[in-house]
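This report refers to the structure that appears directly beneath it.
Every number here is computed from the coordinates shown, using simple stated rules; none is lab data. A quick note: this is a predicted structure, and the numbers were derived from the prediction, not measured. Backbone-built Cβ (ideal geometry, glycine too); neighbour counts: all protein chains shown.
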Amino acid sequence: PSEALFAGQHIVITAGPTREAIDPVRYLSNHSSGRMGFALAAAAQQLGAQVTLIAGPCQLTTPAGVKRVDVVSANDMANAVDEVIADADIFIGCAAVADYRPEIAVTQKIKKSQDTMHIELVKNPDILAKVAARDNPPFTIGFAAETHDVVNYARGKLERKHLAMIAANDVSNSDIGFNSDDNAMTLLWRDNAGEIQQTQLARAAKQTIAEQILRHAAQIKN
Ligand code: C5P
């Protein structure tokens with residue numbers, strides 16, 4: 001049964017990987033499946049929100065009642081977010097945005113010749129940090145996938161990117177995270193006194209974790 005926790009609220013979510021073109025047939029990307037972001041979109045919709053899901057290339061069904069915008073590269077994703085962010089109440093950056101892209105995406109297929117080749121990479125825009133830096137930003141939630149020192153890195157990101165909340169997980173454990181059905185998370189946020197608080201979400205299906213993240217956000221947002 002649907003619930004009105006987020007009635008009248010617009011939640012914008014990024015999900016999946018991005019693809020950064022090298023030439024017309026090749027790209028750089030990562031192993032993100034998009035499942036966590038799609039689970040968040042489904043849960044947010046069930047909790048009564050209007051949901052815009054901005055998805056990089058992934059093979060997943062759009063959750064019922066969710067508006068999906070498909071994108072390819074980090075720059076495409078940044079532009080799609082810009083178009084809808086002004087009236088967003090909550091932004092969740094769940095996408096595994098490629099940190100770098102080839103400086104030049106050549107228009108013709110690169111031919112095999114030399115034994116070594118160099119591709120110059122340039123940094124992509126940080127979509128999450130840009131949203132959090134807006135005047136009157138939405139309640140902005142980030143994700144941190146780490147292989148070690150998970151909570152420390154997440155705390156650093158919460159502060160550096162000026163997030164309202166961050167969900168951190170250990171991707172060195174293949175039972176959870178990236179291509180798994182399950183996840184386990186540490187949520188970190190800043191309380192009214194400015195102190196960073198944290199809580200643990202035990203290993204569970206991504207759908208369960210998604211709902212817990214949203215309920216927690218609703219609690220600390222108000
Ligand atoms: O700094 P790092 O990439 O680990 O931060 C992860 C968080 O930042 C995730 O929430 C991810 O969606 C977001 N991000 C982004 N744009 C980037 C890089 C990361 O929105 N270019």
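A few points about this structure:
- For Ile166, the shell of other residues with beta-carbons less than 12 Å away shows a net charge of +3, using +1 for Lys and Arg and -1 for Asp and Glu.
- Taking GluC sites (Glu not before Pro) as exposed when DSSP calls them loop and at most 11 other C-beta atoms lie within 10 angstrom, the chain has its longest site-free stretch at 4-102.
- Leu201 long-range amide H proximity, modeled H, under 5 Å: Met185, Thr186, Leu187
- Shape class for the stretch 40-112, computed from the alpha carbon gyration tensor (a ≥ b ≥ c): prolate, with a/c not under 1.5 and a/b above b/c.
- Candidates Gln46, Gln207, Gln59: whichever shows maximal mean-square fluctuation once the chain is modelled as a Gaussian network with Cα springs under 10 Å: Gln59
- Computed over the alpha-carbon atoms, the chain gives an Rg to Rh ratio of 0.99, Rh here being the Kirkwood radius from the mean inverse distance.
- Derived scalar couplings between HN and Hα for the stretch 28-34 equal 9, 7, 8, 8, 4, 8, x Hz in order, rounded to whole Hz, by the Karplus curve 6.51 cos²θ - 1.76 cosθ + 1.60 (θ = phi - 60°), x for Gly and Pro.
- 30 Å Cα-Cα threshold exceeded, pairs from Lys111/Lys161; Lys130/Lys221; Lys109/Lys206; Lys130/Lys206: Lys111/Lys161; Lys109/Lys206
- Other residues whose C-beta falls under 10 angstrom from the C-beta of Gln50 contribute a net charge of -1, scoring Lys and Arg +1 and Asp and Glu -1.
- Compactness of the stretch 82-183 - radius of gyration and Dmax, Cα, Å: 17.5, 52
- Largest mean-square fluctuation among Thr186, Thr140, Thr199, in a Gaussian network model of the chain whose springs join Cα atoms under 10 Å apart, belongs to Thr199.
- Residue by residue, the stretch 151-163 carries 3J(HN,Hα) couplings of 5, 5, 5, 5, 4, x, 5, 4, 6, 5, 8, 6, 8 Hz when phi is fed to the Karplus relation 6.51 cos²θ - 1.76 cosθ + 1.60 (θ = phi - 60°); x denotes Gly or Pro.
- Taken over the stretch 138-205, the ratio of Cα radius of gyration to 2.2 N^0.38 Å equals 1.09.
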